[in-house]
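Notes to accompany the following structure.
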Amino acid sequence: MEFSRKCSLFAFLLFFVLLFCNNEVNASHEVFRKLQSLSTNIVRNLFRTGFHFQPPRHWINDPTGPMYYNGIYHLFYQYNPKGEVWGNIVWAHSVSVDLVNWINLEPAIYPSEAFDKYGTWSGSTTILPGNKPVILYTGIIDDEQSQVQNYAIPANLTDPFLRKWIKPDNNPLVVADQSINKTKFRDPTTAWLGQDGLWRMLVGSLRGRRGLALLYWSRDFMKWTKAKHPIHSSADTGNWECVDFFPVSLEHTDGLDTSSHGEKVKHVLKVSLDDTRYDYYTIGTYDTKKDRYTPDETMVDGWKGLRLDYGNFYASKTFYDPSKNRRILMGWANESDVVPTDAINKGWSGIQTIPRRLWLDPSGRHLVQWPVEELEHLRKQKVEIRNYRLNKGEKVEVEGITPAQADVEVTFSFSSLENAEEFDPSWADLYAQDVCGFRGSTVQGGLGPFGLLTLSSENLEEYTPVFFRVFKTQDKYKVLMCSDASRSSVRNHKKMYKPSFAGYVDVDLTNKTLSLRSLIDHSVVESFGAGGKTVITSRVYPALSIYNDTHLFAFNNGTETVRIENLDAWSMDKCDR
Ligand code: DQQ
């Protein structure tokens with residue numbers, strides 16, 4: 001069979017594997033009844049992260065309603081207080097002054113009333129005039145998982161941590177009308193105020209196979225009316241969860257309040273696709289008169305669109321931080337060891353990614369993300385490599401830090417693009433992940449593969465490479481970034497998900513450099529390509545490369561020599577949480 005046909009067959013098979021086999025525990029709202037009370041309460045440290053957010057034990061999923069209020073950051077998240085698999089979901093609550101160290105509080109919202117007795121699912125926060133925060137969340141009202149939209153308010157605004165939240169009696173605020181599938185009607189967005197004085201919020205839904213962002217209006221935040229049409233919808237995308245809709249500036253990288261609008265403002269619509277379990281976004285124009293959002297012509301409005309993160313990343317949410325004029329993104333990095341017993345054996349499941357600042361790239365074609373600057377306070381011991389040549393097949397070890405818990409920034413340079421390998425036109429229809437699957441870190445290329453071998457054992461029995469390959473396509477170059485978990489663990493666990501995650505990087509190669517930053521934290525590698533133009537998070541479970549037996553290398557497997565211009569690596573301290 002010719003190579004391109006093999007690739008198509010491979011892609012086809014991969015599609016079905018992803019669709020039907022991945023994430024048994026993560027992918028649905030199935031309640032694993034028998035597993036809910038099996039909690040051992042023993043938390044195993046192996047694979048627990050050092051500087052990512054995770055609670056002391058048990059299951060977590062979506063970050064819900066992150067906000068900044070009177071000097072404190074609040075993170076709410078979906079949490080099972082009784083077990084390590086999804087179920088019994090409450091809004092757990094942690095607070096922070098720096099988005100890095102956290103204090104765990106009692107859950108803010110938990111099922112108790114007729115309007116949320118069967119579950120308190122995701123939602124958002126909005127700060128109302130008079131500096132009054134309000135939570136909008138989805139309540140589950142029966143065993144069929146029928147959904148309504150509720151609100152909650154702080155019991156005491158003078159408590160700096162806003163520990164206690166009240167669910168007023170006039171809930172639910174919004175119920176599904178006849179036209180709506182009431183089991184696919186959830187995750188209200190942060191509301192925004194139009195110039196006409198009306199509040200707007202979106203609720204994710206589905207009609208047939210068409211994903212929808214339903215629009216609701218309100219003058220007083222209490223009485224909501226459904227608009228005649230969704231703000232946007234897209235054919236064949238399946239159910240939309242955790243919709244996020246926010247403005248970004250065309251002029252600067254500062255964040256904007258959710259109600260901002262104007263000529264120099266674009267809008268971003270992010271949807272979490274239930275079928276694929278990835279977060280996709282488009283950049284476009286919000287017509288405030290017609291209350292319609294239209295993605296720019298260059299955008300792909302579906303499964304092949306831009307992703308906030310091409311790896312283990314789902315149900316993300318942004319918020320505007322007025323204290324530093326920035327928009328912050330947080331996402332759930334779900335596990336890849338997907339059988340329930342894995343989670344039960346660990347005593348926990350799920351982490352949140354490092355909060356990232358996010359803005360519009362000057363090209364207007366995509367967003368850019370970068371870990372919040374506060375993370376740098378956890379940097380300890382530092383090592384550097386300067387001006388180091390990596391010929392074909394060479395690697396260099398980064399020694400003198402803790403490679404299992406580290407922050408690494410590296411810039412590679414090369415003197416020519418001549419040797420970039422040809423991009424087979426038949427690959428254009430594949431996902432980047434498929435291309436990484438057969439053009440991995442060990443397949444010799446022209447310019448690349450080069451990058452980092454993270455969480456590596458001494459003799460490379462296992463490692464998670466994060467790397468670039470540069471391809472030639474007609475008159476252009478195409479940069480592939482991979483974070484490949486396929487060799488991440490010698491553990492031969494049939495159900496472990498070891499994907500070769502990848503995305504393309506929209507980067508100008510005129511100055512012949514490519515940069516990479518990886519946050520390595522025991523069972524997670526969170527990487528930012530070309531200053532954050534493409535981001536990939538991999539969850540991995542090494543068997544040999546753990547704690548002090550972990551190594552970190554920079555490598556080059558391309559025929560073209562590359563140079564490490566600068567490599568700075570730090571051991572990372574633990575955060576409080
Ligand atoms: N998780 C929540 C839902 C949301 C889904 C339930 C996304 O509200 O749609 O835990 O992961």
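The values are calculated or read from the model by the stated rules, or taken from the named source; none is laboratory data. This one's a predicted model, so the numbers in the text were calculated from it and none came from an experiment. Glycine also receives a Cβ, built like all others from the backbone with ideal geometry; neighbour counts cover every protein chain displayed. We work out accessible area using only protein heavy atoms, side chains counted, and drop any ligands, DNA or RNA first. Shrake-Rupley method; radii C 1.70, N 1.55, O 1.52, S 1.80 Å.
When you check CYS436 against the structure, is it in contact with a Cys (Cβ under 9 Å, 6 or more places away or on another chain), farther than 23 Å from GLU399 by Cα and free of Cβ contacts under 8 Å to residues at least 60 places away in the same chain, yes or no?
Numbers: in contact with a Cys (Cβ under 9 Å, 6 or more places away or on another chain): yes; farther than 23 Å from GLU399 by Cα: yes; free of Cβ contacts under 8 Å to residues at least 60 places away in the same chain: no.
For CYS436, the condition - in contact with a Cys (Cβ under 9 Å, 6 or more places away or on another chain), farther than 23 Å from GLU399 by Cα and free of Cβ contacts under 8 Å to residues at least 60 places away in the same chain - is not met.
Can you report the number of residues in region 274-316 which are within 15 Å of the ligand (Cβ to nearest atom) and crowded, with 22+ Cβ neighbours inside 10 Å?
Result for region 274-316: 9.
Failed condition for LYS266, given (1) among the basic types (Lys, Arg); (2) within 17 Å of VAL300 (Cα to Cα); (3) open to solvent by less than 30 Å² (accessible area, probe 1.4 Å), with all others met?
Exception for LYS266: condition (3).
Table: residues versus (1) within 21 Å of the chain's Cα centre (by Cα); (2) open to solvent by 10 Å² or more (accessible area, probe 1.4 Å); (3) within 16 Å of the ligand (Cβ to nearest atom); (4) under 28 Å from ASP244 (Cβ atoms).
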{"site": "PHE51", "(1), (2), (3), (4)": "yes, no, no, yes"}
{"site": "TRP59", "(1), (2), (3), (4)": "yes, no, yes, yes"}
{"site": "PRO63", "(1), (2), (3), (4)": "yes, no, yes, yes"}
{"site": "PRO66", "(1), (2), (3), (4)": "yes, no, yes, yes"}
{"site": "ASN70", "(1), (2), (3), (4)": "no, yes, no, yes"}
{"site": "PRO81", "(1), (2), (3), (4)": "no, yes, yes, yes"}
{"site": "GLU84", "(1), (2), (3), (4)": "yes, no, yes, yes"}
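Looking only at region 524-564, count how many residues are in a strand (DSSP E or B), closer than 18 Å to SER488 by Cα and within 17 Å of the chain's Cα centre (by Cα).
Narrowing region 524-564 to residues in a strand (DSSP E or B): 524-529, 534-539, 551-556, 558, 562-564.
Among the residues that remain, those that are also closer than 18 Å to SER488 by Cα are: 524-527, 536-539, 551-555.
Filter once more, so that each one left must be within 17 Å of the chain's Cα centre (by Cα): 524-527, 536-539.
The number of residues fulfilling the criteria is 8.
Within region 258-273, how many residues are away from the ligand (no atom under 16 Å from the Cβ) and more than 15 Å from THR294 (Cβ to Cβ)?
6
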